[in-house]
Each structure stands twice: as structure tokens, then as C-alpha cells.
Amino acid sequence: MAATAERKDLEAFNASPRYRDELRATAAKLVAPGKGLLACDEPPNVLPQRMKQCWTSLEECDAAWRCGYRELMFTTPGLSRYVSGVILNEETVDQTMQGVSATKLLSSLDIVPGVKLDGGFAPMPGDPTQWRTAGLDALDAKCKKAKAAGCAFAKWRAPLKVDFTEAAVAAEADALACYAKICQDNGLVPIVEPDVVMDGAHGIVASARATKTALVRTFAAMDAR
């Protein structure tokens, strides 16, 4: 009986969903030996604060400047020798570079375009000392839009405090699993990021313990889906 159940589980796992082969090919390309991902997914309100030395007024960091800055990075000669994929902000996905969309430009350079799809985080309802990542309600529509725009993968960051509560880690693990399933159903490879932040006076042991717990809970939640 146990062996039969295991075979059925394996058959279900190996079933042929619509995007299975495409997802596997994209994932393999993203983790190509000797390459990594370039994250340039800062929201429009964050980038100005990180690059204050580039202008005299924050208003100068408008959509056109942000587009030009990222285009400069993407067209760096030989970038594809070291970068397999680029994580874009939703704003950048819709921008035009060298006469084509950002996603088409990246694809033409043999770089896989992806997009950050989480809605940021805020204090968790019922416990403002913890965080809760937003964005699941609109995620299916965002995935469809991203896929149509040429994206092949997505990212969702769920920050957690080192002293996270059971409720916080359970909620974030389940949200990450839900996000991953919605992405796969829409043909996007999901980058799943439970991020235990470094803030605080804790030591490396506490950080390692919290990170291990967050990862175990996240994998368990994904397995359940």
C-alpha cells in the first residue's frame, strides 16, 4: 500500500503541466555555471535614496533617468558572460530601450528577463512587531501581464525578523508557497526568498537558527501545495 501511494505521488509530481518543459529550461539557464542574477528591481521611490550623489534634487531621478540608468547596465559589453538573468521592477518591464521593450532587449542579449512581483511588506495585522508581505490578491493578473510582456521568471521577497513568531513564519511560508504555485501555473519560474534580515543585536547562531527554520517551513509549505 505504501509503495502504491508513493508511485501515485511520483506520477502526480511527473505529470505534464502546460509549462513544465519551459520552466525547467528557464531554471537551468538561470543557474548556469559561472553566472548569476542581476537584481535591479528597486521601486521608483527607493532608487533616488540609494543614489543621492547622482543629482542635486531627488526629482531629477524621474522615470526617464531610471530607464537610462538601467539601459546602461543592460548594454554593458559582455554582460551575458556573467549574468544569466535580470530581476526588473514592474516599471522597467513597461519601458522602452533602444526602440524595444526592456524584456526584448535583455532576451536579444541572451539574458533572461524576470520581475519582482511582491507588493512590499508592512506590519502584520494583529501583531505590528512582525511583518507581512502583500500582493497575493493581484498576483495571478500580474503574472499573466508579466508573461505576456516577455518575462520568464519572478521574484517574491518575504522579510522576517530573527525573532519571528510562529504566526509570522507560518503566514509568510504559506504566502511564498502560494506565490510559487501561481507563478508556475502562469509559466514563470518562481524565485522564492524568505529573507531573515540582519537587523538587531543577535549573533550569528541565532541568525542561522532562524534562517534554517524559515527555509524548512517554506519548503514544507511548497511541498503541501
Checklist entry - Inside the stretch 199-225, can you point out the residues that are among the hydrophobic types (A, V, I, L, M, F, W, C) and touching a residue at least 12 places away in the same chain (Cβ under 8 Å)? => result ALA206, ALA210, ALA214, LEU215, ALA220, ALA221, MET222, ALA224
Checklist entry - Regarding PRO48, is this residue touching a residue at least 40 places away in the same chain (Cβ under 8 Å) and either in contact with a helix residue (DSSP H, G or I) (Cβ under 9 Å, 6 or more places away or on another chain) or outside any loop (DSSP other than H, G, I, E, B) (or both)? => result no
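For the stretch 88-173, give me every one of the helices (runs of 4 or more DSSP H) that falls completely inside it and has 3 or more residues that are free of Cβ contacts under 8 Å to residues at least 12 places away in the same chain.
Helices (runs of 4 or more DSSP H) meeting the threshold: 139-148.
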Next on the checklist: Just to verify a result, which residue in the stretch 203-215, among those that are among the β-branched types (Val, Ile, Thr) and closer than 11 Å to PHE164 by Cβ, is surrounded by the fewest Cβ atoms within 10 Å (Cβ to Cβ)?
Outcome noted: THR211
Item to check | In the stretch 191-202, the residues that are surrounded by 14 or more Cβ atoms within 10 Å (Cβ to Cβ) and in a loop (DSSP other than H, G, I, E, B) | outcome: HIS202
Checklist entry - Considering only the stretch 51-79, how many residues are of a type outside the set (Val, Ile, Thr) and either surrounded by fewer than 12 Cβ atoms within 10 Å (Cβ to Cβ) or out of contact with any helix residue (DSSP H, G or I) (no Cβ under 9 Å at 6 or more places or on another chain) (or both)? => result 11
Next on the checklist: If I filter the stretch 146-157 for residues that are at pLDDT below 95, crowded, with 18+ Cβ neighbours inside 10 Å and of a type in the set (Phe, Trp, Tyr), do I get at least one hit?
Outcome noted: no
Next on the checklist: Quick check on my filter: what residues within the stretch 174-190 are outside any helix (DSSP H, G or I) and under 13 Å from the mean Cα position of the chain (by Cα)?
Outcome noted: LEU188, VAL189, PRO190
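The values are calculated or read from the model by the stated rules, or taken from the named source; none is laboratory data. Predicted model only: the values in this text are computed from it and were never measured. Reconstructed Cβ throughout: ideal geometry from the backbone, glycine too, with neighbour counts over all protein chains shown.
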